[in-house]
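One structure is given below, encoded as C-alpha cells.
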Amino acid sequence: SRVKRAHRAAEHLMLQTERLAALAWWCGDAEYPADALDACWRDILFCEFHDILPGSGVPRAEQDSLALLGGVRDRLRRLRFDTVSRLARGEKPAREGEVPLFVTNPHGFAVNQPVEVDYVVSTLGGNDKAIRLRRGGRDVPFQRISSDHNLGGQDVVRLVVPLELEPFEIRRLDASLVEGKPMLPQPLKITRDALRLKSKHGTVQISPRTGLIDAIIPAGGRDSLVRPNAMQPVLFEDLDHSWTCGDPSQMNKPQAWSQAPAWKKPHASFRLATRQETAAISPLATDKWKPGRQSVAEPVRIIEHGELRTTVEALFVCDASFINRHYVFCRVTGRLEVRDRVMFNHRDRMLKLAIPLRFSPDHSRSESLYSVVRREPTKHYEDRHHQRWVAAVADDGAYLAVVNDGSFAHCLTRDTLAVNVMRSPAYASFVIQPDDPYNDRRFAPRHDQGEHEVRYVMDWGGRIDEGRLTRLADGLNAEPYAFSYYPGSAYRRSKLMATGGGLLSVSADNVRIVAVKRAERGDGLVVRLQEMAGRATRCRLRTAGRSVSADLPAWGLVTLKLKRRGRSLRAEAVSLVEDL
C-alpha cells in the first residue's frame, strides 16, 4: 500500500505540475520544462511495472521504488514552486508585517473546499495578538487548527480557509498579526448532541460509545443511509499470497492461483480503546506534568471546534494494532473527511473499513480507467477493483460513496460496503509450503507493517453524480497548493495571474479537463477532455476569452491541439499520442 499511495501521489503531482507549467508557457510567463517533466514521467511509468505497483516484489523492490517515487516527487515539487513563484513575483510587494500566501487551484473546474495553509508569522513573540487574513482589503474567514509541530506559541500556525477557486486560479491572501485577543479553541464535553455534525449537505452522527458513525442523513431526509458502526475497521484472515487474497479457512491445502475463496465474514473487529489504552498509546503532557490528577485521556474527544470546522478524534485497538482517527467536518461545505493513522501489526490479514448500509444496494459504481464500472452485490465478501471512488447505490438512485487517496478494491454484499485499506502477506509469496527448506520455519517479513496515513472523503445524496465524485477525488488527491512568497517590484505582472482564474475552462459540468500539456511537436497546447456522465455532449472549451467547440461521445475521451493564429484560435482533434 505504501507503493500504491506513493505512486498515486506522484501521478497527481505530475499532472498538477504539468498543467501549471503548460498554462504558464501558453501565457508567455515561463519556459516549458519539457525535459524535466519527461524524466519524471519515465520514472513514474517505470514504477508501474507489474510486480512493483501491485506490491508483489521483494523488500528491496519496495524500498527502491519508494526511493524512486520520492525522488520524482521532490523534483516535481521544485518544478511546481519554480513555476508558481515566477507567476507570483510580479504581484504587489507585501506591506510591513504582512505575509503573502498564495493558493493555487490545479484543476480545470471551480473548487469549493477547505484549504489548510501554514502561516509563519513575520514577527516572533506575537502570542498576545490576533491573526488577520485578508484578500484585497477584505477580511477572509478562517479557523486556526493544530500544526504538525508540538510547540507552544504563535510562531508557525496552521489555518483552515474555506475557498471557492475558479479553474486554475491562483489567489493571494495576506496574513498578519493585529492588536486583539487571539482566538483559542473552547473544549466541548462529549455528548451525543455535540457529536451530531450538521450542515446544508446533511447530518452525521458519531457515537460517543463506539467512536463510529451511527447515522448519515441527507439534507431534507429522515432516514440514515447507514446502520450504526459505520466505517468500522475490520480484519479478514488472509493468505500469505502476493498475487491474490481470500479466506484460508475454506482451503484444505496451501495452493491458490488467481482466485481464492471469498470471505463469509470478518475475522476480528477494532473496538474503541479504553482510557488506560489511550493514555498508554499517546501519553499526554497533562498526565505527566500535572501531579495529583487522574489521567485525562479520552478515547473520543473533540479536538477542534469552531464556526468553520469540527474535528472529532477517536482511538481504536485490536490486539497489537491501533488506529487513530480524525473525523474532519467542514460546516460550510458539508465535507466529511476521515483521516486514519494506522499502526498495523497484524500478519496475513486484510484490513477493511466496513459500512453497514440501511438500504439494500442495487449495485455498486466505481471509478475505472476513464470510466465507471457497475457491479451487482455479491453474497460473500468478494474483492472488486476500483480507482479513486466507489459508491453503493439503491434502486431509487440514493447513494453512499467513499473517495480515497490510495485504496484500490472493495466488497459490496447485500448489506455492507467494505473498502480495502491494506494487507500483510509475506513478500513475494505464493503461499509458503509446509517444510519448505528455504522459506518455512523461519521469520518472514510481511507487507504493510508499521505506521500508515490514509484519507477518505464520504459523500452521499439522493441521486448519484459520477462527475461530482470524480471532482471530489481530484480535490482530495491533488489539493489546492498553498505557498508563501514575497513578490518584488522589478517584475511585470503575469498574464496568467491577471486573468484571475478561468484562463482555461469547459462549459459542461459533465466534461472534465484531464490533461494540459505542450504539444510534443510544434507550439500547440494539448488539452484532453473526458465525458463523465455517460451521455454524448457538445461543449465549449474556453481560453483567454476565446473558445472552440468539442464533441464527446458517452464516456469518451477527446484530445485537442490548440493553435493560435493572430487573434483567432484553432482546435485540431488528435489521437492520445498526438498522431505521432
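The values are calculated or read from the model by the stated rules, or taken from the named source; none is laboratory data. Being a predicted model, the structure only gives us computed values, none of them experimental. Cβ atoms come from the backbone with ideal geometry, glycine included; neighbour counts cover every protein chain shown. Please note that ligands, DNA and RNA were not included when accessible areas were found on the heavy atoms of the full protein model with its side chains. Shrake-Rupley method; radii C 1.70, N 1.55, O 1.52, S 1.80 Å.
Here are a few things to note about the model shown:
- Any strands (runs of 3 or more DSSP E) falling wholly within region 83-152 and containing at least 3 residues that are of a type in the set (A, V, I, L, M, F, W, C): 99-104, 111-120, 130-135
- Applying the condition of being assigned to a loop (DSSP other than H, G, I, E, B), open to solvent by 50 Å² or more (accessible area, probe 1.4 Å) and small (Gly, Ala, Ser) to region 245-290 and asking which residue is modelled with the lowest pLDDT yields SER258.
- Residue within region 171-183 that is open to solvent by 10 Å² or more (accessible area, probe 1.4 Å) and closer than 30 Å to LEU541 by Cβ present: yes
- Counting only residues that are crowded, with 16+ Cβ neighbours inside 10 Å and assigned to a loop (DSSP other than H, G, I, E, B), region 195-221 holds 7 of them.
- The set of residues from region 401-412 being closer than 18 Å to ALA262 by Cβ and in a strand (DSSP E or B) comprises ALA409, HIS410, CYS411, LEU412.
- Of the residues making up region 40-69, those that are under 25 Å from the mean Cα position of the chain (by Cα) and either within 30 Å of ALA519 (Cβ to Cβ) or part of a loop (DSSP other than H, G, I, E, B) (or both) number 19.
- Considering the conditions (1) among the β-branched types (Val, Ile, Thr); (2) open to solvent by less than 50 Å² (accessible area, probe 1.4 Å); (3) under 29 Å from PHE168 (Cβ atoms), VAL121 is excluded by exactly one of them, (3).
- Verdict on ARG301 being in contact (Cβ under 8 Å) with a residue 40 or more places away in the chain and in contact with a strand residue (DSSP E or B) (Cβ under 6 Å, 6 or more places away or on another chain): yes
- Selection status of GLN143, crowded, with 18+ Cβ neighbours inside 10 Å, within 26 Å of GLY475 (Cβ to Cβ) and either without any contact (Cβ under 8 Å) to a residue 12 or more places away in the chain or of a type in the set (S, T, N, Q) (or both): yes
- Answer residue from region 399-413, given it is more than 16 Å from the chain's Cα centre (by Cα) and of a type in the set (Ser, Thr, Tyr) and is farthest from HIS201 (Cα to Cα) among those: THR413
- When residues in region 499-553 are screened for being open to solvent by 50 Å² or more (accessible area, probe 1.4 Å), more than 23 Å from CYS27 (Cβ to Cβ) and in contact with a helix residue (DSSP H, G or I) (Cβ under 9 Å, 6 or more places away or on another chain), 1 of them pass.
- Of residues in region 222-238 being over 17 Å from ASP415 (Cβ atoms) and modelled with pLDDT of 95 or more, the one most open to solvent (accessible area, probe 1.4 Å): GLU237
- Some residue of region 533-548 being more than 26 Å from VAL161 (Cα to Cα), in a loop (DSSP other than H, G, I, E, B) and in contact with a Lys or Arg (Cβ under 6 Å, 6 or more places away or on another chain): no
- Filtering region 19-39 to residues that are outside any loop (DSSP other than H, G, I, E, B) and either touching a Cys at 6+ places or on another chain (Cβ under 9 Å) or of a type in the set (Phe, Trp, Tyr) (or both) leaves TRP25, TRP26.
- Taken together, the criteria exclude GLY55 from residues that are under 30 Å from ASP155 (Cα atoms) and modelled with pLDDT under 95.
So that you can scan it fast, the table gives a plain yes or no per residue for (1) without any contact (Cβ under 8 Å) to a residue 40 or more places away in the chain; (2) of a type in the set (Lys, Arg); (3) outside any strand (DSSP E or B):
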{"residue": "ARG414", "(1), (2), (3)": "no, yes, yes"}
{"residue": "PRO434", "(1), (2), (3)": "no, no, yes"}
{"residue": "ASP448", "(1), (2), (3)": "no, no, yes"}
{"residue": "GLU451", "(1), (2), (3)": "no, no, no"}
{"residue": "VAL454", "(1), (2), (3)": "no, no, no"}
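- When residues of region 353-400 are limited to those that are surrounded by 18 or more Cβ atoms within 10 Å (Cβ to Cβ) and in contact with a Phe, Trp or Tyr (Cβ under 6 Å, 6 or more places away or on another chain), the one nearest to ALA260 (Cα to Cα): TYR381
- LEU188, sole failed condition from (1) surrounded by fewer than 21 Cβ atoms within 10 Å (Cβ to Cβ); (2) closer than 30 Å to PRO261 by Cα: (2)
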